[in-house]
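Notes for the one structure printed next.
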Amino acid sequence: MSSKWIAVAGAPLAALGSRLCAFGAHGLESQLEKLAAPRISPSASAGTTRPSRYHMYHALGCLAVAALAGAQPTRWHQSSAALLILGIALFSGSLYAMTFLDDAWRSSAPSLRSAASP
């Protein structure tokens, strides 16, 4: 197996990380205003930059592994790339989920508590 799949996976993941970071920094507030949603808290707005930063670090690491592997990747290169991609999915994905779902959960939690109380 060549290192081409590592680069083919790393490049779009880096592009996605860049896009998500730009959306969190510039587009999130305007999208919420269009939806007439309550303003996002500053902590949640800042929370979009951390997962996208780690997303980008992992994607750039994947590209670095592809560059280091050259034409003859070893099992170490392949395992490293797979773990970096898994790190994007699990680590950054969980941070994205906490950022976006936490505010939705907090806003619905009072109504759930009032419905649960007799």
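Fully extending the segment from residue 67 to residue 8, taken as 0.36 nm per residue of separation minus the present Cα-Cα distance, adds 20.1 nm. Between residue 26 and residue 83, the modelled labels are 3.6 nm apart [label points 7 Å from Cα along Cα→Cβ].
Distance in nm between label sites at residue 91 and residue 49, each 7 Å beyond Cα in the beta-carbon direction? Taking the simple label geometry, residue 91 and residue 49 are separated by 1.9 nm.
The numbers here are math on the coordinates, done by the rules we state, and not lab data. This is a predicted model, so every value here is computed, not measured. Note that we place each Cβ from the backbone using ideal geometry, even for glycine, and neighbour counts take in every protein chain shown.
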